[in-house]
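What follows is calculated from the coordinates using simple rules that are stated; it is not laboratory data. Just so it is clear, the model here is predicted, and its values are computed rather than measured. Heads up, the Cβs are rebuilt from the backbone with ideal geometry, glycines too, and the neighbour counts pull from every protein chain shown.
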Amino acid sequence: MKTSYDLVVIGGGPGGYEAAIRGAQLGFSVACIEKRVHKGEPALGGTCLNVGCIPSKALLDSSHRYEAAKHEMAEHGITTGDVSIDVAKMLERKDNIVKGLTAGVAGLLKGNGVDWLQGTGTLLDGKGAEKKVKFAALTGEESEITAKYVILAAGSVPIEIPVAKTDGEYIVDSTGALEFSEAPKRLGVIGAGVIGLELGSVWRRLGSQVVVYEAMPEFLAAADKDISKEAAKLLKKQGLDIRVNTKVTNAEVVNGEVVVTTDVNGETKTEVFDRLIVCVGRRAYSEQLLAEGCGITLTERGLVDVDEQCKTNLDGVYAIGDLVRGPMLAHKAMEEGMMAVERIHGEKAQVNYDTIISVIYTHPEIAWVGLTEEQAKAQGYEVKTGSFNLAANGRALAQGEGVGLIKVVADEKTDRLLGMHAVGVGAGDIVHQGMIALEFVSSIEDLQLMTFAHPTVSEAVHEAALAADGRAIHA
Ligand code: FAD
Ligand code: NAI
């Protein structure tokens, strides 16, 4: 086994494997250490491919098709007969997609000449010019590897709360919620964040009665208020019972049921569920990653401390993705991985943290980029906004998707676009127009002067920009 590399990447999630590939493309000798074993097989791809982005989207898609087949075909004149769901088959499809993608990543590493070291990597000493990393192989052997550069990409794990300890069967985290063998009749969810809304939607569509408890008084506090209000209305109409301002004070399994105790403004209530999902956020995963005395500084919250370019306090050691500040998103991890390697290579790569898109893959999707109206005002901008309702968009209506809205936020003084927000069909794709416009410092007038194809949902972006100056045609 080779024991000396130009670059060692610890963690083979989206941040780590992209960094490893880019490093090899730039001519470095690269090892990527990944310890994950998924369903009995060593696996690359991290949280995202194995138990995150991909399997959750596979289930979102299957459950959406099921619901559409059951309830939305008749108005098109399509007769379906009895529609039923084979959950085992649905899970098998998800697993096959995951398997294909993780095998694909292994192929990419191999094709680029990256050595995938299957096991645990621990930074022993990152202070000198020659970094030392311990490698504990899945087979049990241990060795020491040296590298000129190290990228820490160990990702994150779910936050556990003492009032609702997971047991892997009745009370589960997001990973367990991807594996229910049937739709629980009554499903409780702690946390109305991204996972709560996505996985809550999956199981609701498949027949669960879903209650989502949210400790904060406000629903989706990070989103623009107009968007979170509309999203709450649509999700509640679908049957998600979202209870804000509700603190779970205890959850325990009694006779095969989960008894949940909540506190709402001092009033105690209990409710019983068949399963409970705990999804109250994730934390950086640095156990086994950093040996005592390796020299790395952590923040108070346990994140690896890095600057804007993902450089740690040690020369030649970078950290990226969920392990460091910023949103815990796969696309952010990937871009940071590329930036870190290109910086090591002497280039001036940069991530624009102001244009990172957020998407919640409910149906319809909820997505945004840039500043919300509230953030723009708080930053001292004189704000103008324009919104357009998809109820007046021909394509959305033709698709039976005439709900939701698109909103633009701009600086009244300069006309510059500051943010784009959407809840509606394809919102996650729509706001990429906002991302590109923000990158190019576009004005509202730019969006008004462009010709959007008819009939597309994107026309609502045009109309929202026109609405910012009181000129929307179809409003
Ligand atoms: P990870 O993907 O967590 O990868 C880190 C890897 O490092 C892990 O595989 C781990 O085994 C390995 N590792 C850790 N320590 C060591 C060590 N010491 N030695 C060797 N290996 C080690 N994000 C999106 O952008 N879009 C989505 O739709 C989305 N959906 C999600 C759905 C769910 C249910 C969850 C849980 C997350 C979702 N995310 C989504 C978040 C996304 O998965 C993460 O932001 C992303 O995976 C972070 O990438 P990363 O490379 O930093 O870390
Ligand atoms: P989250 O941070 O999105 O939401 C957690 C929610 O739980 C918050 O609203 C919080 O107020 C609430 N909460 C915290 N403690 C609570 C308690 N004790 N009782 C009730 N509510 C409580 O975290 P989540 O959903 O666990 O997801 C973790 C991360 O994974 C996300 O922040 C995101 O970065 C990533 N992710 C991204 C996805 C996407 O991009 N589509 C999909 C899924 C996850």
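Once the convex hull of the alpha carbons of the chain is built, what does its volume come to per residue, in cubic angstrom? Kindly include the intermediate steps, with their values, before the conclusion.
Numbers: hull volume 81.9 nm³, N = 475.
Cα-based convex hull of the chain, divided per residue, equals 172 Å³.
Could you check the simple spin-label distance between residue 99 and residue 73, using points 7 Å along Cα→Cβ, in nm with one decimal?
Going by the 7 Å Cα→Cβ label model, 2.8 nm.
For residue 218 and residue 268, compute 0.36 nm times the residue count separating them, minus their Cα-Cα distance, and round to one decimal in nm.
Values: separation 50, 0.36 × 50 = 18.00 nm, distance 2.00 nm.
Value of the extension gain: 16.0 nm.
Among the listed pairs 225/377; 185/247; 127/311; 165/332; 89/165; 384/413, which are separated by more than 19 Å between their Cα atoms? Working shown, then result.
On the way: 225/377 13 Å; 185/247 22 Å; 127/311 13 Å; 165/332 30 Å; 89/165 30 Å; 384/413 9 Å.
Over 19 Å apart, Cα to Cα: 185/247; 165/332; 89/165.
So if each residue of separation counts as 0.36 nm, and I subtract the Cα-Cα distance between residue 143 and residue 250, what length gain in nm does that give? Present the calculation step by step, with values, prior to reporting the outcome.
Working: separation 107, 0.36 × 107 = 38.52 nm, distance 4.49 nm.
The residue 143-residue 250 span can extend by a further 34.0 nm.
What is the Cα convex hull volume of the range 20-145 when expressed per residue in Å³?
Values: hull volume 17.8 nm³, N = 126.
Taking only Cα atoms, the range 20-145 has a hull volume of 141 Å³ per residue.
Report the net charge of residues surrounding residue 103, where surrounding means a beta-carbon distance below 14 angstrom and charges are Lys +1, Arg +1, Asp -1, Glu -1. All intermediate terms of the calculation are to be shown ahead of the outcome.
Details: positive: 36, 39, 99, 110; negative: 34, 41, 95.
Overall, the nearby charge balance is +1.
Considering just Cα atoms, how many Å³ per residue does the convex hull of the range 364-469 enclose?
Working: hull volume 8.4 nm³, N = 106.
Dividing the Cα hull volume of the range 364-469 by its residue count gives 79 Å³.
Stokes-Einstein diffusion coefficient for the range 171-280 at 37 °C in a medium of 0.692 mPa s, Rh from the Kirkwood formula over Cα pairs: what value in µm²/s? Write out the running numbers ahead of the final one.
Values: Rh = 14.0 Å.
The Stokes-Einstein estimate is 235 µm²/s.
Lys and Arg at +1, Asp and Glu at -1: add these up for the other residues within a Cβ distance under 12 Å of residue 91 and post the number.
Net of charged neighbours comes to -1.
Only loop residues by DSSP count here, and only those with at most 14 other Cβ atoms within 10 Å; note down the GluC sites (Glu not before Pro) in the range 228-316 that meet that. It would help to have the intermediate numbers written out before the result.
Values: sites: 230, 252, 257, 267, 271, 287, 292, 300, 308; in loops: 287, 292, 300, 308.
Sparse-neighbourhood loop GluC sites (Glu not before Pro): 287, 292, 300, 308.
Over all directions, the average projected area of the alpha-carbon convex hull for the range 90-131 comes to how many nm²? Provide the component values of the computation, followed by the final result.
Details: hull surface 18.5 nm².
Taking the Cα atoms of the range 90-131, their convex hull projects to 4.6 nm² on average.
Out of the trypsin sites (Lys or Arg not before Pro) in the range 296-373, which ones are loop residues according to DSSP with at most 15 other C-beta atoms within 10 Å? Working shown, then result.
Values: sites: 301, 311, 325, 332, 343, 348; in loops: 301, 325, 348.
Loop-located and lightly packed - 301, 348.
Give a quick list of trypsin sites (Lys or Arg not before Pro) in the range 381-475 that DSSP marks as loop, anything other than H, G, I, E or B, with at most 15 other Cβ atoms within 10 Å.
Numbers: sites: 384, 395, 407, 413, 416, 471; in loops: 413, 471.
The qualifying sites are 413, 471.
Taking the Cβ of each residue in 80, 146 as the centre, tally the other Cβ atoms inside 10 Å and list the residues starting with the fewest.
Details: 80 12, 146 17.
The most exposed by this proxy come first: 80, 146.
On alpha-carbon atoms, Rg over Rh for the range 258-366 using Kirkwood Rh?
On the way: Rg = 19.3 Å, Rh = 17.1 Å.
Ratio of gyration radius to Kirkwood radius: 1.13.
Can you give the net charge of the other residues whose Cβ lies under 11 Å from the Cβ of residue 305, counting K and R as +1 and D and E as -1? Each step should come with its number before you reach the end.
On the way: positive: 301, 311, 325; negative: 300, 307.
So the surrounding residues net to +1.
With no other cysteine's Cβ closer than 4.7 Å, which Cys residues of the chain count as lacking a disulfide-compatible partner?
Result for the chain is 32, 279, 294, 310, no neighbouring Cys Cβ within the cutoff.
Ranked by Cβ crowding within 10 angstrom, fewest neighbours first, how are 432, 363, 76, 421 ordered?
Least to most surrounded, the residues fall as 76, 432, 363, 421.
Mean 1/r over all different Cα pairs, inverted: what Kirkwood radius does the range 1-50 give, in Å?
Working: mean 1/r = 0.0887 Å⁻¹.
Radius from the Kirkwood sum: 11.3 Å.
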